[in-house]
1. Any idea which of (1) in contact (Cβ under 8 Å) with a residue 12 or more places away in the chain; (2) part of a helix (DSSP H, G or I); (3) hydrophobic (A, V, I, L, M, F, W, C) is the one VAL347 doesn't satisfy?
2. Please determine whether any residue of segment 87-110 is among the charged types (D, E, K, R), closer than 23 Å to LEU274 by Cβ and more than 23 Å from the chain's Cα centre (by Cα).
3. Give me the residue from segment 125-143 that is buried (at least 18 other Cβ atoms within 10 Å of the Cβ) and within 21 Å of GLY223 (Cβ to Cβ) and, out of that set, nearest to the ligand (Cβ to nearest atom).
4. Does THR118 satisfy the criteria of being touching a His at 6+ places or on another chain (Cβ under 8 Å) and over 15 Å from ALA237 (Cβ atoms)?
5. Answer with yes or no whether GLY91 is over 30 Å from MET314 (Cα atoms), out of contact with any Leu (no Cβ under 7 Å at 6 or more places or on another chain), within 16 Å of the ligand (Cβ to nearest atom) and not charged (D, E, K, R).
6. Looking at the structure I just gave you, is LEU213 more than 30 Å from GLN60 (Cβ to Cβ) and in the same structural domain as GLY90 (by TED's automatic domain parsing)?
7. Looking for whichever is out of contact with any Pro (no Cβ under 9 Å at 6 or more places or on another chain), under 30 Å from ASP308 (Cα atoms), free of Cβ contacts under 8 Å to residues at least 40 places away in the same chain and not assigned by TED's automatic domain parsing to the domain that holds ASN148 here; the options are GLY336, GLY373. Which one fits?
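The values are calculated or read from the model by the stated rules, or taken from the named source; none is laboratory data. All figures in this text were calculated on a predicted structure; none of them were measured in a lab. Here Cβ is always computed from backbone atoms with ideal geometry, including for glycine, and neighbour counts include all displayed protein chains.
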Amino acid sequence: MLETLAPQSPDALLALIKLHAADDRPDKIDLGVGVYRTDRGATPVFAAIKEAERQLVESQDSKSYLGPEGDMGFVNALMPYIFGEDATMGGRIAGMQTPGGTGAVRLALALAQQAGMTRLHMGTPSWPNHAQIIGDLGLDWNGFDHANSDGTANIDAVLSTIRGAGPGEGILLHGCCHNPTGIDYSDEEWAQIADALAESGTFPIIDTAYQGLGHGLEEDAAGLRAVLAKVPEAFIAYSCDKNFGLYRDRVGAFYIMAEGSDTLDTAFSNANALARAAWSMPPDHGAAAVRLVLRDSKLTQLWQDELDTMRERMRAVRTRLAEAGMTGSVDLAPLGRQNGLFSVLPVSSEQVQQMRKDHGIYMAGSGRINVAGLTMDNIDKFIAAIAEVTG
Ligand code: PMP
């Protein structure tokens, strides 16, 4: 039976990690895999999480099953950060824990499919796993251009897509820090998107994987909140893996917003059943640590300070890149206006290979770079390499 299987191509970014590890040039630069790095190139455990983990070891007296919805203390503690002061919007929002943001995206799309969504719209490029999940579920989907060539969001494309869709069709939007482009909608553009969604009845599915890494926790939730204030129903997929540095612990949440409590309860019971069939229950440890951080004001402050440091470091790298302006054939100025870990450089795959071969600089074949791979020590080398390879 197994001989009928066709080989699948390995994950390109994971292959890049291996190539980078095998390179013995001391000044090599890894701009591939999407994790935050300090200016010393490390991806440390947050101090707030370390402390919460210590408390967890001391206080946890059982590892008995929790249920498909996971740690509801975690799910609820997160809600004010995502949804604001009226965290359930008058009882219209319910959530559950998922294995990472990936589990949340998977559950959102599977539940939309179960609810009869006939077509999903998504800006491209997007996080590659979006397309893989969509393909795995067998969803019909349509792509539109997320960005203009000058590094701004293509607002006309998203608005005409939403207006042309309507009830029964969905749109997948990135809440903030768009992966891979770093190009987010402005507040004015989110307001237009919210109006178009409300008028057309197109169903919003908002993927928020980087809250706090763009402009701040509140600022990065503004687009999502603008949409939720206008539409009757929506799904939100959330990841804590970047903003709490928990990557491998797989910490995420899925939220449903519905018009009334009966619909909300029924939708939630369907999400529960889908989760039960897919993974039964999410892993506990990371979510429990986040719950402890969010329930202790000192740890919450420590976490927010750590998040501020990360964001400010990435902003400083982006500012420095933007100052370089036109570099070879690449204009780095737009990177200063973009947000989060990623941006895409307009370079060919040959140029990406040349960056690797001649300069030991590792970036995805698409031209995506993780700006957190740059430091004030290696950024000049990077800018000089771009100038040489594309000049
Ligand atoms: N959505 C987007 C847009 C992402 O970039 C990522 C992480 N790369 C995820 C979801 C999933 O994150 P997690 O690691 O929590 O599964």
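1. Of everything listed in (1) in contact (Cβ under 8 Å) with a residue 12 or more places away in the chain; (2) part of a helix (DSSP H, G or I); (3) hydrophobic (A, V, I, L, M, F, W, C), VAL347 misses just condition (2).
2. Just the residues of segment 87-110 that are among the charged types (D, E, K, R), to begin with: 92, 106.
From the residues that got through so far, the ones that are closer than 23 Å to LEU274 by Cβ too are 92, 106.
The next check asks that each one be more than 23 Å from the chain's Cα centre (by Cα); those that pass are 92.
Yes.
3. For segment 125-143, the residue satisfying everything is TRP127.
4. Values: touching a His at 6+ places or on another chain (Cβ under 8 Å): no; over 15 Å from ALA237 (Cβ atoms): yes.
So THR118 fails the test.
5. Details: over 30 Å from MET314 (Cα atoms): yes; out of contact with any Leu (no Cβ under 7 Å at 6 or more places or on another chain): yes; within 16 Å of the ligand (Cβ to nearest atom): no; not charged (D, E, K, R): yes.
So GLY91 fails the test.
6. The answer is no for LEU213.
7. Numbers: GLY373 fails: free of Cβ contacts under 8 Å to residues at least 40 places away in the same chain.
After ruling out the rest, the residue left standing is GLY336.
Condition check ((1) more than 26 Å from ASP187 (Cβ to Cβ); (2) among the hydroxyl-bearing types (Ser, Thr, Tyr)) across all residues:
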| position | (1), (2) |
| --- | --- |
| GLN113 | yes, no |
| SER126 | no, yes |
| GLY138 | yes, no |
| ASP150 | no, no |
| ALA157 | no, no |
| ALA165 | no, no |
| GLU169 | no, no |
